[in-house]
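Asks: Quick one: the structure is below, and I'll ask about it shortly.
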Amino acid sequence: MTLFEVDLRHSRVIRNHFKAWKWLNKIRPASQRMEKKRFEIPGCRQKGRDRQVSIVVNLYYTGKNGAAREFVREMTESGLVEFIRNEPGNERYEYFFSADDPETVLLIDRWENQEAIDRHHALPVMKEIARLRDKYDLLMKVERFTPDELPEHDQKFIRK
């Protein structure tokens, strides 16, 4: 059991740090042992703390006759994507194209906290995004996640 619940990109580093700390404390004399120190990593939640956690929103845009891909092209060329990526609190804003369904595009949108999402939704840029969704007649499916540490029993399935 580690001191942290972290998203996947940090979990290996923290786990290795914690193992090294435990090992060093076993071999050092009591007078030289290191104290436990808590530190924060962006996008992680420390157990027992009321720290806000990054929020990941997956948006699936589905259209007809390549409309979803055209939507992404126009979002990118108009500068809206770059604008959103530079908003305070935005940590990720990337589009992905499906190998199985050419009419669906996935947007992975990660925000520092709910307040950052609320600020984003209050901006005039949202009206322009809604206009483009209407223009391309896109349907949406939304999933929302908060990062959590991968359970120990699932670690064996991950190739690092």
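Each value in this text was obtained by applying a stated rule to the coordinates, not by laboratory testing. What you are looking at is a predicted structure, and each value in this text was computed from that prediction instead of being measured. Quick reminder, even Gly has a Cβ in these numbers, built from the backbone with ideal geometry, and neighbours come from all protein chains shown.
Asks: When the Karplus curve 6.51 cos²θ - 1.76 cosθ + 1.60 is applied with θ = phi - 60°, which whole-Hz ³J(HN,Hα) does each residue of the range 115-123 get, with x for Gly and Pro?
Replies: 3J(HN,Hα) across the range 115-123, in whole Hz: 4, 5, 5, 4, 4, 4, 5, 7, 7.
Asks: Oh, and also: Which ³J(HN,Hα) values in Hz, rounded to whole numbers, follow from the phi angles of the range 58-66 under the Karplus curve 6.51 cos²θ - 1.76 cosθ + 1.60, where θ = phi - 60° and Gly and Pro get x?
Replies: These are the phi-based 3J(HN,Hα) values: 9, 10, 9, 9, 10, x, 10, 6, x Hz.
Asks: Size of the dipole of the range 55-98 about the Cα centre, Lys and Arg at +1 and Asp and Glu at -1 on the beta carbon, nothing else charged, in debye to 20?
Replies: Dipole magnitude for the range 55-98 comes out near 200 debye.
Asks: Return, for the Cα atoms of the range 60-160, the radius of gyration and Dmax in Å, separated by a comma.
Replies: Using the Cα atoms of the range 60-160, the pair Rg, Dmax is 15.7, 46 Å.
Asks: I've got another one for you. Calculate the FRET efficiency for Glu94 and Glu128 from the Cβ-Cβ distance with a Förster distance of 22 Å, rounded to the nearest 0.05.
Replies: Using R0 = 22 Å, I get an efficiency of 0.70.
Asks: Give the aspartates and glutamates reachable from Lys160 as a straight Cα distance under 16 Å; neighbours fewer than 8 places away on the same chain don't count.
Replies: Counting by Cα, and skipping residues close in sequence, Lys160 has these aspartates and glutamates nearby: Asp7, Glu149, Glu152.
Asks: Take Leu139, project a point 7 Å from its Cα along the Cβ direction, then tell me which residues of the range 79-116 have their backbone nitrogen under 12 Å from it.
Replies: 104
Asks: Give the separation of the Cα centroids, the range 141-156 to the range 114-133, in Å.
Replies: Measuring centre to centre over Cα atoms gives 27 Å.
Asks: With +1 assigned to the C-beta of every Lys and Arg and -1 to the C-beta of every Asp and Glu, and no other charges, what is the dipole magnitude of the range 99-160 about the Cα centre in debye, to the nearest 20?
Replies: 200 debye
Asks: Same structure again: Compactness ratio of the range 101-160: Cα Rg over 2.2 N^0.38 Å, N = residue count?
Replies: 1.60
Asks: Okay, next question. Report the net charge of residues surrounding Leu80, where surrounding means a beta-carbon distance below 15 angstrom and charges are Lys +1, Arg +1, Asp -1, Glu -1.
Replies: Net local charge, Leu80 excluded: -3.
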